[in-house]
Amino acid sequence: QVQPVESGGGSVQTGGSLRLSCVTSGQTFSGICVGWFRQVPGKEREGVATLGGGRTVYADSVKGRFTISQDNTGRTVYLQMNSLKPEDTAMYYCAAGTPYFPCAQPAPVYQYWGQGTQVTVSS
């Protein structure tokens, strides 16, 4: 099975950058959907970016600032986050699964989840 593990979170100032990594030690990400989601207390988990089926899809709130990519081994997916804003503060989760394409589907569609990595952006 796919076993995602996230890393790369931390605390940065407004305008800073972070790169999150999602690594699987099990099945590769090849041929499936991989997504980054984020959640703050009291709010629904929201999709940030997804990759799969030859497509990348971004939430409107991060377009032009975040980039999702995958390495050639199929074992690592990245989320490059630039021009960070305080409203980007959240717990970020990597998820994988075999939802219907396109991959930009609600969180419950995804089957395998990492533990989350905290991103905090201060002004």
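The values are calculated or read from the model by the stated rules, or taken from the named source; none is laboratory data. Everything numeric here is computed off the predicted structure, so don't read it as measured data. Note: ideal-geometry Cβ built from the backbone for every residue, glycine included; neighbour counts use all protein chains shown. SASA here: full protein model, heavy atoms, side chains in, ligands and nucleic acids out. Shrake-Rupley method; radii C 1.70, N 1.55, O 1.52, S 1.80 Å.
Things worth noting here:
- Cα-based shape type of the stretch 1-52, given that a ≥ b ≥ c are square roots of the gyration tensor eigenvalues and the cut on a/c is 1.5: prolate
- Rounded to 0.05, the FRET efficiency of the A59 and S11 pair, given R0 = 25 Å and the Cβ-Cβ distance, is 0.70.
- Compared with the alpha-carbon gap, the fully stretched path from S30 to Q1 is longer by 9.2 nm at 0.36 nm per residue.
- Per-peptide packing, taken as the mean over residues of other Cβ atoms within 10 Å, places 2-13, 47-58 in the sequence 47-58, 2-13 from highest down.
- Here the chain exposes an accessible surface that is 48 percent carbon and sulfur, computed with a 1.4 Å probe and the other protein chains kept in place.
- Per-q log10 I(q)/I(0), the stretch 27-86, q = 0.24, 0.29 Å⁻¹ (Debye; single scatterer per alpha-carbon; no solvent): -1.03, -1.27
- Computed FRET value (nearest 0.05) for A107 with Q80, which takes r as the C-beta separation and R₀ as 22 Å: 0.55
- Taking chymotrypsin sites (Phe, Trp or Tyr not before Pro) across the stretch 79-123, the ones in a DSSP loop with at most 10 further Cβ atoms lying within 10 angstrom of their Cβ are Y100.
- Qualifying GluC sites (Glu not before Pro) in the stretch 27-98, where qualification requires a DSSP coil assignment and no more than 16 other C-beta atoms within 10 Å, comprise E44.
- Solvent exposure of the chain amounts to 51 Å² per residue of accessible area, where only protein heavy atoms count and the probe is 1.4 Å.
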